Amino acid sequence: MIKMKYILKNQETKRILFKEVSLLQFNDWLEFHKNPLTSIHWQSELESPDSECKKWYEKQFYRYENDLGGMNALIEKQSGKLIGYCGLLIQTVDEKKELEIGYSLLPKFWKKGLASEAALKCRDFAFENDLTDSIISIISLTNKPSEKVAIKNGMTIDKRTMYHGNEVNIFRISKSQWQKLNNL
């Protein structure tokens, strides 16, 4: 049986439905991998967009099957279209297991507050369900839009480190900080 405690199945926000990742979304998500703007903040050897998209899906299904969290498909309520993905991911940072909020949106949905809306929902879900005592976002030093999302999520820079060959800032919020933000 697949454990999926980190997946926001059937959750929603004002504008977004959270769904499981499905290969039916492949062609829509392929557009993300075709757009050079989506990889400018991350250093890695990239294959063809089709290969990168296939690897991305394989990684999500591996996460699902091994209780390592995973992305959720973000569906715009108004149009029913795929916006992108956001989720709770088990990551190893400096040899320590951490719960991360990860997010990637299709460029046509950038600068509309949707990444922040999805990330806030993931943060609240993690703390409301006692999944962790703190949660992070791993952000490239050059990715200012993602930094803004983390800050809106109540996170602050915890440290700078190397992650998969990239210099990154680790943004963090603790459960006690979240409780103060929400007057709990």
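The values are calculated or read from the model by the stated rules, or taken from the named source; none is laboratory data. The structure displayed is predicted, hence computed values, not measured ones. Using ideal geometry, Cβ is built from the backbone for each residue, glycine included, and neighbour counts are taken over all protein chains shown.
Quick look at the numbers
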read-out: Number of positions in region 111-136 that are assigned to a helix (DSSP H, G or I), more than 13 Å from Ile173 (Cα to Cα) and acidic (Asp, Glu); value: 2
read-out: Test: residue in region 137-149 that is out of contact with any Lys or Arg (no Cβ under 9 Å at 6 or more places or on another chain), assigned to a helix (DSSP H, G or I), touching a residue at least 40 places away in the same chain (Cβ under 8 Å) and not small (Gly, Ala, Ser); value: yes
read-out: Test: residue in region 6-24 that is assigned to a loop (DSSP other than H, G, I, E, B), modelled with pLDDT under 95, touching a Leu at 6+ places or on another chain (Cβ under 7 Å) and under 24 Å from Glu117 (Cβ atoms); value: yes
read-out: Any chance Ile83 is crowded, with 22+ Cβ neighbours inside 10 Å, in contact with a Lys or Arg (Cβ under 9 Å, 6 or more places away or on another chain) and touching a residue at least 60 places away in the same chain (Cβ under 8 Å); value: yes
read-out: Complete set of residues in region 76-107 that are over 21 Å from Lys152 (Cα atoms) and of a type outside the set (Ser, Thr, Tyr); value: Lys77, Gln78, Gly80, Lys81, Leu82, Ile90, Gln91, Val93, Asp94, Glu95, Lys96, Lys97
read-out: Filter result for Ser137 (over 23 Å from Leu74 (Cβ atoms) and touching a strand residue (DSSP E or B) at 6+ places or on another chain (Cβ under 8 Å)); value: no
read-out: Condition check for Lys108: in a helix (DSSP H, G or I), at pLDDT below 95 and out of contact with any helix residue (DSSP H, G or I) (no Cβ under 8 Å at 6 or more places or on another chain); value: yes
